[in-house]
Amino acid sequence: MFLKTKENGNLIKIVDVEDLFNPIKNEVTGRDQEGQEEQQAVSYAKEKLLFPSGEDLPRCWKDENYTTS
């Protein structure tokens, strides 16, 4: 899955999608897609990531206290 950073719009390939869906995890591991060679995997704060369309990540992915009721 690809997301982009709020800071500069770079595409990030998420290494472990399960961490992205887990609201207890505040960070996910990803690889910046800038350049021709694969970059080192680093941690990104979920709060600083967006979908490529520009939409924020769902709150239920980021807030462990989120409830639908």
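Computed values, structure above
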{"read-out": "Among residues of segment 15-40, those that are outside any loop (DSSP other than H, G, I, E, B) and charged (D, E, K, R), counted", "value": "5"}
{"read-out": "Cβ pairs under 6 Å, 6+ apart, first in segment 42-59 and of a type in the set (A, V, I, L, M), second assigned to a loop (DSSP other than H, G, I, E, B) and open to solvent by 40 Å² or more (accessible area, probe 1.4 Å)", "value": "LEU50/LYS6"}
{"read-out": "All positions within segment 40-69 that are over 13 Å from the mean Cα position of the chain (by Cα), under 20 Å from ASP16 (Cβ atoms) and open to solvent by 70 Å² or more (accessible area, probe 1.4 Å)", "value": "GLN40, GLU64"}
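The values are calculated or read from the model by the stated rules, or taken from the named source; none is laboratory data. Note that the coordinates shown come from a computational prediction; the quantities given were computed from them, not determined experimentally. Glycine also receives a Cβ, built like all others from the backbone with ideal geometry; neighbour counts cover every protein chain displayed. Protein only, heavy atoms only, side chains kept; ligands, DNA and RNA dropped before computing areas. Shrake-Rupley method; radii C 1.70, N 1.55, O 1.52, S 1.80 Å.
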